[in-house]
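Asker: Quick one: structure below, then a few questions.
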Amino acid sequence: MENLHDLSFPADFLWGTATAPYQIEGAWNEDGKGPSNWDWRVHNTTYIKDGATGDVAVDHYHRWREDVSLMQQLGLTAYRFGIAWARVQPDGRGAWNAKGLEFYDRLIDALVDAGITPLVTLCHYDVPQALVEQGGWINRDMTGWFADYAEAMARRYGDRVRWWATLNEPICIADGFVPAPDDPHDLAAIQHHLLLAHGRGVQAIRAVNPALQVGLVTCLWPVHPMLGEGNTATIAKPGERLQFAGSAGDTAGAFTPADAIEAARQADIATNRAFLDPIFLGRYPQDILDAPIPRPIRDGDMAIIGTRPDYMGINYYSRIVAAPTRQPDGSIGWRWVGPAERGAPHTTMGWEIYPEGLHETIMMVHREYGAPPIIITENGIAEDDHLDPDGRIRDAYRSEFIAAHLAQISRAIADGARVRGYCCWTLLDNFEWDMGWSQRFGLIYVDHQTLARIVKDSGWWYRDIIAQVRRSSGGSI
Ligand code: IFM
């Protein structure tokens, strides 16, 4: 376990957990909620492991009081959750659903009463299915519908909610679009419209109240190039990620170090810079502008997209190790070399455990995008948790994972980064999208049959860490 005694966090640091509405709420068709794209996906496709659905999920819609009470027991000072657009506006346009709006009123009031700062995400993948039937994110009008929804939410809840995020992980929203677009122009449109919706959402919320803090949440990965295969593979070290120790003339297989560096550069653009450059610099990376399929950019779009956010929400889970591949036309492409292939430690999601990458990612955003305030909006680990006969879940690996990542955040703060909070993914074991119920990420164990909640050892450990930091003046542990 990381020695946490040397770590230091600001006294007002937000200590939270994060969830997403589809993954926890259930009540998919109750109290006037409209169907969402995820309701459609789970009921009409075979993508989901074991045919699982979020129809009931972990029943947070009915058990929210118990869940807020658990947050209090953990001593959380923040809670990041999402609004299900189809619950508050069943068709995504027009009439609002009073019962849905009141559900979030009650939840927010309970959080505020408990001294827990709410952080709201407007779209964590799910949108009203009625809008998908009009093209969804392929349709440019979606950006206006989203801005109207963002404005209405800020009007309704902005008196109690200061922290807002427009979208969660636009890269995943685009990838998960169902049915997958046949026409690559549609994919380019989805990607552009998501960013435009973000920019219009920021402007709409700011117009309601400029004091509200609005950001985008994306998953970021440091990318490290890899050359060679098996035992002879070399991964360029963090901080030297555009260089290999060997001479530029070294080769491994058919590729040169320059090829590996090019592969990593491409992966970095596709996963990180495709989002960071537009929102902070107001322009797409040149590779995207030069791509054979153009994004449908109209005059004025980039200024809207580049409306500077108040903070950056970073979801950090792992790094990408990218190896070069040869494209049919002979040019270099890239492939993700997973940790199992490299014999590196990884979680049940198949993601490498690589805490140092969080420091690298934070510092990259800090240095290259004008030092924005940062919230770590997700970070966590899925493992095979077991409920022991004595009723405990002994998940020391989860505490170790979180401790190692907190150490990297503290290091980044010491290096000047403006990190304002940490939301562990996730509060409760929940519905992990296409992987159904197979992954347990929670600080709280959920019995899939009874939906009973049991705080894992890591949950109590997190409570103790939060308490220690908050007790000590200046935030040192
Ligand atoms: O469960 C997801 C979450 O919805 C978005 N970020 C990654 C998590 C783990 O896969």
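Asker: How many residues does the stretch 150-169 hold that are outside any helix (DSSP H, G or I) and either touching a Gly at 6+ places or on another chain (Cβ under 6 Å) or among the hydrophobic types (A, V, I, L, M, F, W, C) (or both)? Break it down stepwise before answering.
Answerer: Taking the stretch 150-169 first, the residues outside any helix (DSSP H, G or I) are 158-169.
After this cut, where a residue has to be either touching a Gly at 6+ places or on another chain (Cβ under 6 Å) or among the hydrophobic types (A, V, I, L, M, F, W, C) (or both) as well, the list is 161, 163-167.
Counting residues in the stretch 150-169 that are outside any helix (DSSP H, G or I) and either touching a Gly at 6+ places or on another chain (Cβ under 6 Å) or among the hydrophobic types (A, V, I, L, M, F, W, C) (or both) gives 6.
Asker: Sticking with this one: For the stretch 310-336, name all the residues that are among the aromatic types (Phe, Trp, Tyr) and not in a strand (DSSP E or B).
Answerer: Quick first cut of the stretch 310-336, residues among the aromatic types (Phe, Trp, Tyr) only: 311, 316-317, 334, 336.
The answer is Tyr316, Tyr317.
Asker: If you check Arg106, Arg87, which single one turns out to be open to solvent by 30 Å² or more (accessible area, probe 1.4 Å) and either over 22 Å from the mean Cα position of the chain (by Cα) or among the basic types (Lys, Arg) (or both)? I'd like the intermediate steps shown before the answer.
Answerer: Numbers: Arg87 fails: open to solvent by 30 Å² or more (accessible area, probe 1.4 Å).
Residue meeting the stated conditions: Arg106.
Asker: Do we have Ile444 as in contact with a strand residue (DSSP E or B) (Cβ under 6 Å, 6 or more places away or on another chain) and within 16 Å of the ligand (Cβ to nearest atom) here? I'd like the intermediate steps shown before the answer.
Answerer: On the way: in contact with a strand residue (DSSP E or B) (Cβ under 6 Å, 6 or more places away or on another chain): yes; within 16 Å of the ligand (Cβ to nearest atom): yes.
Judged against the criteria, Ile444 is a match.
Asker: In the stretch 413-435, what residues are over 14 Å from Gly16 (Cα atoms), open to solvent by less than 30 Å² (accessible area, probe 1.4 Å) and more than 16 Å from the ligand (Cβ to nearest atom)? First the steps, then the outcome.
Answerer: Of the stretch 413-435, the ones over 14 Å from Gly16 (Cα atoms) are 413-418, 429-435.
Now narrow it down to the ones that are open to solvent by less than 30 Å² (accessible area, probe 1.4 Å): 417, 429-433.
Across the stretch 413-435, the qualifying residue is only Ala417.
Asker: Looking at Ser438, Ser410, which one is away from the ligand (no atom under 15 Å from the Cβ) and either touching a residue at least 24 places away in the same chain (Cβ under 8 Å) or of a type in the set (S, T, N, Q) (or both)? Let's see the steps before the verdict.
Answerer: Values: Ser438 fails: away from the ligand (no atom under 15 Å from the Cβ).
Only one candidate qualifies: Ser410.
Asker: Return the total of residues in the stretch 436-448 being over 17 Å from the mean Cα position of the chain (by Cα) and open to solvent by 10 Å² or more (accessible area, probe 1.4 Å).
Answerer: Total meeting the criteria: 5.
Asker: Moving to a separate point now. In this structure, is Pro10 open to solvent by 20 Å² or more (accessible area, probe 1.4 Å) and touching a strand residue (DSSP E or B) at 6+ places or on another chain (Cβ under 8 Å)? Reasoning before the result, please.
Answerer: Working: open to solvent by 20 Å² or more (accessible area, probe 1.4 Å): yes; touching a strand residue (DSSP E or B) at 6+ places or on another chain (Cβ under 8 Å): yes.
For Pro10, the condition - open to solvent by 20 Å² or more (accessible area, probe 1.4 Å) and touching a strand residue (DSSP E or B) at 6+ places or on another chain (Cβ under 8 Å) - is met.
Asker: Among the residues of the stretch 452-474, is there at least one that is of a type outside the set (D, E, K, R), within 16 Å of the ligand (Cβ to nearest atom) and surrounded by fewer than 22 Cβ atoms within 10 Å (Cβ to Cβ)?
Answerer: no
Asker: For the stretch 1-59, what are the residues that are of a type in the set (Ser, Thr, Tyr), touching a helix residue (DSSP H, G or I) at 6+ places or on another chain (Cβ under 8 Å) and away from the ligand (no atom under 16 Å from the Cβ)? Lay out the reasoning, then the answer.
Answerer: Of all residues in the stretch 1-59, those of a type in the set (Ser, Thr, Tyr) come to 8, 17, 19, 22, 36, 45-47, 53.
Going one step further and asking which of them are touching a helix residue (DSSP H, G or I) at 6+ places or on another chain (Cβ under 8 Å), we end up with 8, 17, 19, 22, 36, 47, 53.
If the condition is that a residue be of a type in the set (Ser, Thr, Tyr), touching a helix residue (DSSP H, G or I) at 6+ places or on another chain (Cβ under 8 Å) and away from the ligand (no atom under 16 Å from the Cβ), then Ser8 is the only one that fits.
Residues are listed down the side, and each one gets a yes or a no for (1) open to solvent by less than 30 Å² (accessible area, probe 1.4 Å); (2) over 19 Å from Trp433 (Cα atoms):
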site: Arg65; (1), (2): no, yes
site: Gln73; (1), (2): no, yes
site: Glu102; (1), (2): no, yes
site: Cys123; (1), (2): yes, no
site: Ile138; (1), (2): no, yes
site: Thr143; (1), (2): yes, yes
site: Tyr157; (1), (2): yes, yes
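Asker: Please find, among Gly115, Gly176, the residue that is within 16 Å of the ligand (Cβ to nearest atom) and open to solvent by 20 Å² or more (accessible area, probe 1.4 Å). If you could, list the steps in order and put the result at the bottom.
Answerer: Details: Gly115 fails: within 16 Å of the ligand (Cβ to nearest atom).
Within the list Gly115, Gly176, the selection yields Gly176.
Asker: Follow-up. Are there any pairs, at least 6 apart or on different chains, whose C-beta atoms fall under 8 Å, with the first in the stretch 351-367 and farther than 13 Å from Ala407 by Cβ and the second aromatic (Phe, Trp, Tyr), and if so, which?
Answerer: Trp351/Tyr317; Ile353/Phe401; Thr361/Trp221; Thr361/Tyr316
Asker: Let me ask you something else. Has the stretch 108-124 got any residue that is closer than 24 Å to Ile305 by Cβ, at pLDDT 95 or above and in contact with an Asp or Glu (Cβ under 9 Å, 6 or more places away or on another chain)? Break it down stepwise before answering.
Answerer: Initially, the stretch 108-124 is screened for residues closer than 24 Å to Ile305 by Cβ, giving 119-124.
Imposing the further condition that a residue be at pLDDT 95 or above reduces the set to 119-124.
Adding the requirement that they be in contact with an Asp or Glu (Cβ under 9 Å, 6 or more places away or on another chain) leaves 124.
For the stretch 108-124, residues closer than 24 Å to Ile305 by Cβ, at pLDDT 95 or above and in contact with an Asp or Glu (Cβ under 9 Å, 6 or more places away or on another chain): present.
Asker: Follow-up question, since we're still on this one. Are there helices (runs of 4 or more DSSP H) fully within the stretch 238-309 with at least 3 residues that are among the hydrophobic types (A, V, I, L, M, F, W, C) and modelled with pLDDT under 95? List them.
Answerer: Values: elements: 257-268, 286-290, 301-305.
By residue number, 257-268.
Asker: Identify, please: which residue in the stretch 194-218 is open to solvent by 10 Å² or more (accessible area, probe 1.4 Å) and not in a loop (DSSP other than H, G, I, E, B) and is, among those, nearest to the ligand (Cβ to nearest atom)?
Answerer: Gln213
Asker: Out of everything in the stretch 170-192 that is without any contact (Cβ under 8 Å) to a residue 60 or more places away in the chain and part of a helix (DSSP H, G or I), what residue ends up being farthest from Ile375 (Cα to Cα)?
Answerer: Residue satisfying both the conditions and the ranking: Asp186.
The values are calculated or read from the model by the stated rules, or taken from the named source; none is laboratory data. On a predicted model such as this, the values are computed, not experimentally measured, just so you know. Cβ coordinates were reconstructed from backbone atoms using ideal geometry, including for glycine residues, and neighbour counts include every protein chain displayed. Accessible surface areas use protein heavy atoms only, side chains included; no ligands, DNA or RNA. Shrake-Rupley method; radii C 1.70, N 1.55, O 1.52, S 1.80 Å.
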